[in-house]
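Scroll down for the structure; my scribbles are underneath it.
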Amino acid sequence: MEEILHLLFLIFLYSCIWLVPTIINYNRRKSGLDPYWSLFLATLILEISVVYVAIYIIKEFNQNILFSYIPPIMASIFAGIFYLSLAKQLDEKNS
């Protein structure tokens, strides 16, 4: 039963990795700032790439299922930082 719960939570966690760039983009539009759609797509690609690289690295070093929770969380953090920092630079450039 514990394995099934881990699997369901992993499926939920991995299916939600697109939420960070989407929420950031939504909040930008809501506050009246221009959404950067090309940056949004680049962020999604970066996030998916980080997930796959992290999965590959973790698979090589450890087979514990608990380490499977790290890639989507790490990728979401990187994607959020990437999107916010580049959007801030583009906002300053366009101002």
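The values are calculated or read from the model by the stated rules, or taken from the named source; none is laboratory data. Since this is a predicted model, take the numbers as computed values, not measurements. Every residue, glycine as well, gets a Cβ built from its backbone with ideal geometry; the counts of neighbours run over all protein chains shown. Areas reflect the complete protein model, heavy atoms only, side chains present, ligands, DNA and RNA absent. Shrake-Rupley method; radii C 1.70, N 1.55, O 1.52, S 1.80 Å.
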As straight-line cross-link partners of residue 88, the qualifying aspartates and glutamates (C-alpha separation under 12 Å, not fewer than 8 residues apart within one chain) are 34
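Multiply the residue separation of residue 52 and residue 64 by 0.36 nm, subtract the distance between their alpha-carbon atoms, and state the gained length in nm to one decimal.
Values: separation 12, 0.36 × 12 = 4.32 nm, distance 1.67 nm.
Full extension of this stretch gives 2.6 nm more.
Accessible area of the stretch 43-91 with a 1.4 Å probe: how many percent of it is carbon plus sulfur?
About 76 percent, which is the carbon plus sulfur part of the accessible surface.
Around residue 90, with a cut-off of 13 angstrom between Cβ atoms, what is the net charge of the other residues, counting Lys and Arg +1 and Asp and Glu -1?
Numbers: positive: 28, 88, 93; negative: 34, 91, 92.
Overall, the nearby charge balance is 0.
If you roll a 1.4 Å probe over the heavy atoms of the protein chains, what accessible area per residue do you get for the chain, in Å²?
Details: 6730 Å² over 95 residues.
I get 71 Å² per residue for the chain.
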Out of 19, 39, 66, a Gaussian network model of the chain with alpha-carbon springs under 10 Å gives the largest mean-square fluctuation to 66
Among [x] 2, 13, 22, 20, 15, 11, 8, 6, 3, 1, 0, 0; [y] 2, 14, 27, 26, 21, 8, 1; [z] 3, 15, 24, 24, 19, 10, 4, 1, 0, the entry matching P(r) over Cα pairs in 5 Å bins from 0, in percent as calculated here is [x]
